[in-house]
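Just below is one structure, and these are the notes that go with it.
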Amino acid sequence: MKDCQAWRDVGLTMTTTSNEACKLFDDVITQYITWTESPDGMENTVVKLLESDSNFMMGQALSIGLDMMGTGRALHLDKELAEQINKFESDFNKSEITPREKLHCQSVVHFAKGEYTKACESWEEILKVYPKDSLAIKFAHDSYFYLGDSVKIRDSVDRVLPYWKSSDPLYGYLKGMLAFGLEETYRYEEAQKSSEEALSLNPTDCWATHAKAHCFEMTGRFNQGIEFLKDTENDWAKGRMLACHNYWHWALYHIERGDYETALGIYDHQVEERSKSSGAMLDMVDAASLLQRFEMQGVNVGDRWKEIYELALPHINDHITVFNDFHMTMAFLGCGKTDVASRYMKSLRDYCAHHSSYSRDLFHEMGVDLCDGLIAFSEDRFDAAVQLWYPLKDDVIGMGGSHAQRDVFDQLLLNACIDSPKNEDRDLAQQMLSERKKKRENSPLTDRLMQKLLAKH
């Protein structure tokens, strides 16, 4: 791990005299980018980092940034967090840190305040001058994911890769990040090649595994995807922080094939258990998404919603990302808690009325209607759901996530159109299914939806 001098040698001066702080900073970044944890774990390593130099602004920026990237704490609700951010902002503005470090500090404050685009702009400013700043690369990459900005997910990594050498410790992981950006911009052949290059350097790179899994999903190669994840499970499962999501991909393949028993087994033994263990929002939304997909396929999920409802309930008033809230609303409704869903909608409307940020604007533009549509869908008011959702069809990318994750919205809209009493809605379903078939010719799930539509006529 790099000490003070080693950071200076790579052109990234750290304003601290503590070699221990610099080494721990490097350790945390490595765990973050590789999705793996040291024996102490990332959280404990962050604590040690902050203790090693309480005035190390980059250590504080890293700690706050990681907390915010977890999307589990809301600035407008969490008094302790608000005080921490205010003190941090005051301290770094008064400190004699480098311009690069100050941009990092400003970025995490922007993100904490729901100004995700401003945060990305600051990280990109850093990368114009310091293309080997791995923290700026990773924070920007994850933020563009939350924004659903596929092109920037790709290009922010692609721009800096020429400055890296294959011998640099994290080089292979950047290839995995690029692979995901290529996949999200429909360049599947290049994406798979980049993911395989990454995995040849680091077989346990679970983000590169994830990118390759996306390629199989989006090109309809479900059997290959199943075999790939099965054959490499011992490698990618080591990345505990992303393992739940890769198991989610594995379950998706089986749902596509109509093998619901196997998919439910993956849900029960991996996705649900890991969601309960971690409490992470990423894992919670994956669990909710799977249960919603099962129900749309006519699968009885029993009382499985209860566990996910318990995970979502403490975040009912957070309103950090539309993506999170959309999935939390699924959990409220899936568990039959219509009163909680109504309380959630009141909270959301109050949030939109009394706050201002990029995040708030997105809730106002699409979040309210997306979640209102879920309520209509749950009450079999399918025409009302279509009326709320169809105008958002081409804009829903803005709620963040990947194409595969947002496909739960597409499936909901299609089912609403098919089940609507209005002929014009079923005509929309026909059009959307035709579009879907052209994108993924080999999709048994799409074929089943077509059969469902035909049965309605």
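Residues in the stretch 179-203 that are hydrophobic (A, V, I, L, M, F, W, C) and within 13 Å of ILE153 (Cα to Cα): how many? Explain how you work it out, then say what you get.
Looking only at the stretch 179-203, we keep the residues that are hydrophobic (A, V, I, L, M, F, W, C), and these are 179-180, 182, 191, 198-199, 201.
This time we only want the ones that are within 13 Å of ILE153 (Cα to Cα), so: 179-180, 182, 191.
Residues in the stretch 179-203 being hydrophobic (A, V, I, L, M, F, W, C) and within 13 Å of ILE153 (Cα to Cα): 4 in total.
Mind checking whether some residue in the stretch 352-363 is part of a helix (DSSP H, G or I), assigned by TED's automatic domain parsing to the domain that holds MET450 and closer than 30 Å to PRO421 by Cα?
The initial filter retains those residues of the stretch 352-363 that are part of a helix (DSSP H, G or I), namely 352-354, 358-363.
Among the residues that remain, those that are also assigned by TED's automatic domain parsing to the domain that holds MET450 are: 352-354, 358-363.
Within this subset, residues satisfying the condition of being closer than 30 Å to PRO421 by Cα are 363.
Yes - at least one qualifying residue is present in the stretch 352-363.
Output the number of the condition that THR185 fails; it satisfies all remaining conditions of (1) in the same structural domain as ASN55 (by TED's automatic domain parsing); (2) in contact with a helix residue (DSSP H, G or I) (Cβ under 7 Å, 6 or more places away or on another chain); (3) of a type in the set (Val, Ile, Thr).
The number of the failed condition is (1).
Within the stretch 9-42, take every residue that is among the charged types (D, E, K, R) and at pLDDT 95 or above and give me the one that is nearest to SER107 (Cα to Cα). Spell out how you get there, then give the answer.
Here is the first cut: in the stretch 9-42, the ones among the charged types (D, E, K, R) are 9, 20, 23, 26-27, 37, 40.
From what is left, the residues that are at pLDDT 95 or above are 9, 20, 23, 26-27.
Working: ASP9: 24, GLU20: 25, LYS23: 22, ASP26: 19, ASP27: 21 Å.
Step by step, filter the stretch 9-42, then rank; the result is ASP26.
Count, please, the residues in the stretch 20-45 that happen to be without any contact (Cβ under 8 Å) to a residue 24 or more places away in the chain, of a type outside the set (Gly, Ala, Ser) and not in a helix (DSSP H, G or I). Steps first, please.
Taking the stretch 20-45 as the starting set, the residues that turn out to be without any contact (Cβ under 8 Å) to a residue 24 or more places away in the chain are 22-23, 31, 38-41, 43-45.
Add one more test, that the residue is of a type outside the set (Gly, Ala, Ser), and what stays is 22-23, 31, 39-40, 43-45.
This time we only want the ones that are not in a helix (DSSP H, G or I), so: 39-40.
Adding up the residues that qualify gives 2.
Table: residues versus (1) modelled with pLDDT of 95 or more; (2) crowded, with 18+ Cβ neighbours inside 10 Å; (3) touching a Lys or Arg at 6+ places or on another chain (Cβ under 8 Å).
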| residue | (1), (2), (3) |
| --- | --- |
| ASP259 | yes, no, no |
| THR262 | yes, no, no |
| ARG293 | yes, yes, no |
| VAL299 | yes, no, no |
| TRP305 | yes, yes, no |
| TYR309 | yes, yes, yes |
| LEU313 | yes, no, no |
| LYS346 | yes, no, no |
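Within the stretch 340-362, does at least one residue satisfy the condition of being of a type in the set (Ser, Thr, Tyr) and more than 19 Å from ALA74 (Cα to Cα)?
Taking the stretch 340-362 and keeping what is of a type in the set (Ser, Thr, Tyr), we get 342, 344, 347, 351, 356-359.
Pick out the ones that are also more than 19 Å from ALA74 (Cα to Cα) and you get 342.
Within the stretch 340-362 (the criterion being of a type in the set (Ser, Thr, Tyr) and more than 19 Å from ALA74 (Cα to Cα)), the answer is yes, since at least one residue qualifies.
Here's a check for you: in the stretch 383-403, which residue that is of a type outside the set (Gly, Ala, Ser) and not in a helix (DSSP H, G or I) is surrounded by the most Cβ atoms within 10 Å (Cβ to Cβ)?
Residues of the stretch 383-403 that are of a type outside the set (Gly, Ala, Ser), as a first pass: 383, 386-397, 399, 403.
In the following step, the residues that additionally are not in a helix (DSSP H, G or I) were identified as 393-395.
Values: LYS393: 14, ASP394: 8, ASP395: 12.
Among residues in the stretch 383-403 that are of a type outside the set (Gly, Ala, Ser) and not in a helix (DSSP H, G or I), the one surrounded by the most Cβ atoms within 10 Å (Cβ to Cβ) is LYS393.
Which residues, taken from the stretch 46-60, are in a helix (DSSP H, G or I), of a type in the set (S, T, N, Q) and surrounded by fewer than 19 Cβ atoms within 10 Å (Cβ to Cβ)? Can you show your working first?
From the stretch 46-60, those in a helix (DSSP H, G or I) are 46-52, 57-60; that's our starting set.
Add one more test, that the residue is of a type in the set (S, T, N, Q), and what stays is 52, 60.
SER52, the sole residue that qualifies.
Considering each of ASP380, ASP361 in turn, give the residue that is within 22 Å of the chain's Cα centre (by Cα) and surrounded by fewer than 17 Cβ atoms within 10 Å (Cβ to Cβ).
On the way: ASP380 fails: within 22 Å of the chain's Cα centre (by Cα).
Only one candidate qualifies: ASP361.
If we keep just the residues of the stretch 408-430 that are in a helix (DSSP H, G or I) and among the small types (Gly, Ala, Ser), which is nearest to LEU290 (Cα to Cα)?
Taking the stretch 408-430 as the starting set, the residues that turn out to be in a helix (DSSP H, G or I) are 408-419, 423-430.
After this cut, where a residue has to be among the small types (Gly, Ala, Ser) as well, the list is 416, 429.
Numbers: ALA416: 18, ALA429: 22 Å.
Among residues in the stretch 408-430 that are in a helix (DSSP H, G or I) and among the small types (Gly, Ala, Ser), the one nearest to LEU290 (Cα to Cα) is ALA416.
Being surrounded by 19 or more Cβ atoms within 10 Å (Cβ to Cβ) and either under 25 Å from ARG221 (Cα atoms) or of a type in the set (Asp, Glu) (or both) narrows it down to one of LEU449, LEU374, so name that one.
Details: LEU374 fails: either under 25 Å from ARG221 (Cα atoms) or of a type in the set (Asp, Glu) (or both).
Sole residue among the options that is surrounded by 19 or more Cβ atoms within 10 Å (Cβ to Cβ) and either under 25 Å from ARG221 (Cα atoms) or of a type in the set (Asp, Glu) (or both): LEU449.
What are the pairs with Cβ atoms under 7 angstrom where one residue, in the stretch 271-286, is of a type in the set (D, E, K, R) and the other, located anywhere, is assigned to a loop (DSSP other than H, G, I, E, B)? Sequence gap at least six, or different chains.
Between residues of the stretch 271-286 that are of a type in the set (D, E, K, R) and residues that are assigned to a loop (DSSP other than H, G, I, E, B), the close pairs are GLU272/ARG304.
Could you list, in sequence order, all residues of the stretch 5-19 that are aliphatic (A, V, I, L, M) and assigned to a helix (DSSP H, G or I)?
To start, the set of residues in the stretch 5-19 that are aliphatic (A, V, I, L, M) comprises 6, 10, 12, 14.
Scanning the stretch 5-19 gives a single hit, ALA6.
Is it the case that the stretch 94-113 has a residue that's part of a loop (DSSP other than H, G, I, E, B) and under 26 Å from the mean Cα position of the chain (by Cα)?
Taking the stretch 94-113 first, the residues part of a loop (DSSP other than H, G, I, E, B) are 95-98, 113.
Still in the running and under 26 Å from the mean Cα position of the chain (by Cα): 113.
Yes, the stretch 94-113 has at least one match.
If you take the residues of the stretch 431-457 that are in a loop (DSSP other than H, G, I, E, B) and more than 18 Å from PHE409 (Cα to Cα), which of them is modelled with the lowest pLDDT? Before you say what the answer is, go through the steps one by one.
Here is the first cut: in the stretch 431-457, the ones in a loop (DSSP other than H, G, I, E, B) are 440-443, 457.
This time we only want the ones that are more than 18 Å from PHE409 (Cα to Cα), so: 441-442, 457.
Working: GLU441: 89, ASN442: 93, HIS457: 70.
By that ranking, first place goes to HIS457.
Could you tell me which residue of the stretch 74-102 is surrounded by the most Cβ atoms within 10 Å (Cβ to Cβ), considering only residues that are closer than 24 Å to LEU362 by Cβ and without any contact (Cβ under 8 Å) to a residue 60 or more places away in the chain? Outline the logic, then answer.
Our first condition is that a residue be closer than 24 Å to LEU362 by Cβ; within the stretch 74-102, this holds for 74-78, 81-82, 85, 89.
After this cut, where a residue has to be without any contact (Cβ under 8 Å) to a residue 60 or more places away in the chain as well, the list is 75, 78, 81-82, 85, 89.
On the way: LEU75: 22, ASP78: 15, LEU81: 17, ALA82: 15, ILE85: 18, GLU89: 16.
Among them, the one singled out is LEU75.
The values are calculated or read from the model by the stated rules, or taken from the named source; none is laboratory data. Remember, it's a predicted structure, so these values are computed and weren't measured experimentally. All Cβ positions, glycine included, derive from the backbone under ideal geometry; neighbour counts span all protein chains shown.
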